[in-house]
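Notes follow the structure.
The values are calculated or read from the model by the stated rules, or taken from the named source; none is laboratory data. This one's a predicted model, so the numbers in the text were calculated from it and none came from an experiment. For neighbour counting, all protein chains shown are included, and Cβ atoms are generated from backbone atoms with ideal geometry for every residue, glycine included.
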Protein chains: 2
Amino acid sequence: MSQEMAAPSDPPSFTDPESPRGRLLRQAAHLFRDKGYERTTVRDLASAVGIQSGSIFHHFRTKEEILKAVMREAILVNTGRMRSRLEAVADTGEAVRTLVQCELESINGETGEAMAVLVYEWRSLSEASQAEILELREVYEGIWLDTLTRAKSDGLIEAEPFILRRFLTGALSWTITWYRPEGDMTIENLADHVMSMLKIPPA
Amino acid sequence: MSQEMAAPSDPPSFTDPESPRGRLLRQAAHLFRDKGYERTTVRDLASAVGIQSGSIFHHFRTKEEILKAVMREAILVNTGRMRSRLEAVADTGEAVRTLVQCELESINGETGEAMAVLVYEWRSLSEASQAEILELREVYEGIWLDTLTRAKSDGLIEAEPFILRRFLTGALSWTITWYRPEGDMTIENLADHVMSMLKIPPA
DNA sequence: GAATATACCTAGCAAGCGCTTGGTTTGTAA
DNA sequence: TTACAAACCAAGCGCTTGCTAGGTATATTC
């Protein structure tokens, strides 16, 4: 006789990538990015990790919860990395560059698929989940806005921090559609291009 | 006794917005943008235009063909408008500004919903349809690239036209997520911000 | 006034979907 | 050895989906 234990949902921290849950999240990010959330079935996801479709629901209560978890962990990882990189930086111009570089890495590095899912599959979240994820995003955006505001009062940039951040969000996130890390151009080169567009001189 | 006539697919030109097909396309753009293509059912679309779900297939052979038509007409309309506006412009800097302004209007004006669908629902097209739409996009992108290349050889911009165009694509298309035409900022203001970021002086 | 085309309706099929249920296997630790 | 939880399987339910079939109403054209 077996008893039902509710599938766990929001762990306090990151998921171990080698755990069954971690492998599931990685494959989910890949499939959701590749085919879109709605066009990815739980059967697709299950066979990608080599289990039966029903077994998914031992790890997550619903399909949507998988999507939410993918987004959640992506933001948490990238907010954390941004924070720790900023600690080593005093100069404001250098701080802006650090943020640009971090965001390019988020988008084009290991968490890239999850970040793309975050942008493209937003509407597939319920309103409750959207609010939950939005809260995490606001922490991330707060760091950006603080830094840009400092750059403005230091006279490094002319534009409104709000508007500049929005142009940057678009320009940087769009790199996922065309930038190929295996090509000639490095992420550092990319960041250089951005910085020269912003008229901020190298530190 | 009724005989089957295949539903029409690609008309030579634009669809009359007042025709049943036109109304369907407008509602489709709206719903696809609002809820996403996959989450919009033919029943949703039918009831939005006030007909039965089966009647949709009198006008389009498949649901995907509706998506394709939405994208097709959006590109055609905007390529046409861009072309005609450029005719009145000689100065290269002014030409760049015209393109920026046109694209902002495409994204935030009447065709905005269709343009958003073009960006967000790309993966819902079959490969064959993707190729078809890509051909139309390449005409549009050709105009951009010609103009930016001219601006570069005139010394107006420093960046590679290819890369600059990509940054611009991202930054401009992202405006749909935050810019509100009914607010204080006009599209001209927005274009001004972009031009100042590109260091191109007013004509 | 017969023929034809357009625009729609009613009813429903076949397939695919997320998810549930009840159970088995495997690993860990007392 | 027994106890127990985590990880998974096999089967399938109930519902929604895109789409089809066969028919009707109305307007236009010859």
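Within region A:4-42, work out how many residues are more than 14 Å from every other protein chain (Cβ to nearest Cβ) and either at pLDDT 95 or above or crowded, with 16+ Cβ neighbours inside 10 Å (or both).
Number satisfying all stated conditions: 10.
Of A:Leu164, A:Leu168, A:Leu198, A:Leu125, which residue is closer than 17 Å to A:Asn78 by Cβ and either crowded, with 18+ Cβ neighbours inside 10 Å or in contact (Cβ under 8 Å) with a residue 24 or more places away in the chain (or both)?
Sole residue among the options that is closer than 17 Å to A:Asn78 by Cβ and either crowded, with 18+ Cβ neighbours inside 10 Å or in contact (Cβ under 8 Å) with a residue 24 or more places away in the chain (or both): A:Leu168.
Which one of these does B:Leu134 not meet: (1) free of Cβ contacts under 8 Å to residues at least 12 places away in the same chain; (2) within 9 Å of another protein chain (Cβ to nearest Cβ)?
So B:Leu134 meets the others, but not (2).
List the pairs whose first member sits in region B:93-118 and is over 17 Å from B:Leu164 (Cβ atoms), whose second member is part of a helix (DSSP H, G or I) and among the aromatic types (Phe, Trp, Tyr), and whose Cβ atoms are under 8 Å apart, counting only residues at least 6 apart or on separate chains?
B:Glu113/B:Phe32; B:Val117/B:Phe32
Taking A:Glu141 and the conditions (1) modelled with pLDDT of 95 or more; (2) over 30 Å from B:Asn189 (Cα atoms); (3) under 16 Å from the mean Cα position of the chain (by Cα), which numbered condition does it fall short on, given that it satisfies the others?
Every condition holds for A:Glu141 apart from (2).
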